[in-house]
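The values are calculated or read from the model by the stated rules, or taken from the named source; none is laboratory data. Please read these numbers as outputs of a predicted model, since none were measured by experiment. Using ideal geometry, Cβ is built from the backbone for each residue, glycine included, and neighbour counts are taken over all protein chains shown. Just the protein is used for accessible areas: all its heavy atoms, side chains included, with ligands, DNA and RNA removed. Shrake-Rupley method; radii C 1.70, N 1.55, O 1.52, S 1.80 Å.
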Amino acid sequence: MELSYFTFSRKASCLTLITVFCFPPINFVNGIGKLYVNYSGDITLGALFPVHRRGSGSETTCDKIQLEDGIQPLEALLYTLNKINRDETILPGIKIGVLALDTCDSTHYALEQSLDFIKGFIAHFNQYHRTEFECADGSPARFLNGRFDRVVGVIGGQSSSVSIQVANLLRLFQVPQISYMSTSPQLSNRERFPFFFRTVPSDVNQAHAILDILRYFNWTYVAVVYSDSEYGIHCYETLRDVAINDTICFTTPQRVIRDQFGASDYDQIIRNINTINDIRGEYL
């Protein structure tokens with residue numbers, strides 16, 4: 001088994017990954033300013049994980065490592081692939097590999113990273129189907145020595161906003177994509193996202209469950225606090241739309257801007273809610 005970590009500019013980040021995974025060998029390569037995990041196999045899956053947080057200054061910069069949201073799901077994937085590859089009764093004679101890229105929990109950065117998959121698809125077609133690009137020696141042009149040529153599908157992203165952007169790109173090349181956490185109802189549109197699948201239910205199911213809870217406790221006047229993200233906004237809108245013919249009323253929603261809020265901002269939201277009379281429930 002070959003498990004390699006490639007880093008090109010963020011050595012501190014890669015050192016942190018080494019202490020977490022501890023799978024030899026570890027390779028360091030200097031070059032194009034990206035970081036990814038390569039687990040070799042006969043068939044390769046692409047993967048997108050928010051290993052780092054989104055940078056505060058720009059949509060294309062990364063911040064601290066995320067252990068729970070980024071590292072642990074990546075570890076779970078590597079563990080699962082290792083279990084499958086060791087069991088000859090599942091896929092005898094075939095090993096599944098993965099090329100995992102960091103999205104930094106940013107739609108812009110994830111889209112930029114996903115272009116490497118696209119380059120691999122183009123290089124694969126160029127080498128095995130119709131050669132349009134050649135090197136000086138006449139050999140077919142390859143991308144990163146063919147590391148991305150065997151990618152047959154993509155796992156991720158985590159957030160719905162990232163998955164939507166990536167799905168719009170991958171659909172152009174008819175590449176299947178499976179998300180383990182994206183719940184936006186938009187992704188259920190088969191016309192827009194014919195190659196997108198997920199292992200979690202849509203937010204519509206969550207909205208119906210929330211309404212069932214509110215009805216059970218007979219809460220008809222409810223305050224809603226939601227995050228200022230694509231997930232939070234669509235979750236609130238879905239809940240509001242599902243309850244449009246219900247007797248439950250949602251008072252003035254309180255929006256949380258996670259990247260900008262401090263303790264005083266959260267205290268202000270609590271004060272705003274406390275000033276509303278007859279509140280019987282709060283949905284966060």
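Odds and ends about this structure:
- Sole residue being in a helix (DSSP H, G or I) and farther than 14 Å from Phe148 by Cα, chosen from Lys83, Lys64, Lys119: Lys83
Quick grid of which residues meet (1) more than 30 Å from Tyr236 (Cα to Cα); (2) among the hydrophobic types (A, V, I, L, M, F, W, C); (3) in contact (Cβ under 8 Å) with a residue 40 or more places away in the chain:
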{"position": "Glu112", "(1), (2), (3)": "no, no, yes"}
{"position": "His124", "(1), (2), (3)": "yes, no, no"}
{"position": "Glu134", "(1), (2), (3)": "yes, no, no"}
{"position": "Gly157", "(1), (2), (3)": "no, no, yes"}
{"position": "Ser161", "(1), (2), (3)": "no, no, yes"}
{"position": "Arg171", "(1), (2), (3)": "no, no, no"}
{"position": "Gln174", "(1), (2), (3)": "yes, no, no"}
{"position": "Tyr180", "(1), (2), (3)": "no, no, yes"}
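- Selection of the range 233-252 for residues being under 30 Å from Arg54 (Cα atoms), in contact (Cβ under 8 Å) with a residue 24 or more places away in the chain and either crowded, with 16+ Cβ neighbours inside 10 Å or of a type in the set (A, V, I, L, M) (or both) yields His234, Cys235, Thr238, Leu239.
- Only residues that are surrounded by 14 or more Cβ atoms within 10 Å (Cβ to Cβ) and closer than 24 Å to Tyr266 by Cβ were counted across the range 200-227, and they come to 12.
- When the range 137-173 is filtered for residues that are among the aromatic types (Phe, Trp, Tyr) and surrounded by fewer than 17 Cβ atoms within 10 Å (Cβ to Cβ), only Phe173 remains.
- Residue in the range 90-99 that is open to solvent by less than 30 Å² (accessible area, probe 1.4 Å), touching a residue at least 60 places away in the same chain (Cβ under 8 Å) and closer than 15 Å to Gly156 by Cα present: yes
- Residues that are buried (at least 18 other Cβ atoms within 10 Å of the Cβ) and without any contact (Cβ under 8 Å) to a residue 40 or more places away in the chain do occur in the range 73-89, at least one of them.
- Scanning the range 141-164 for residues that are under 10 Å from the mean Cα position of the chain (by Cα) and under 16 Å from Val37 (Cα atoms) yields Ile155, Gly156, Gly157.
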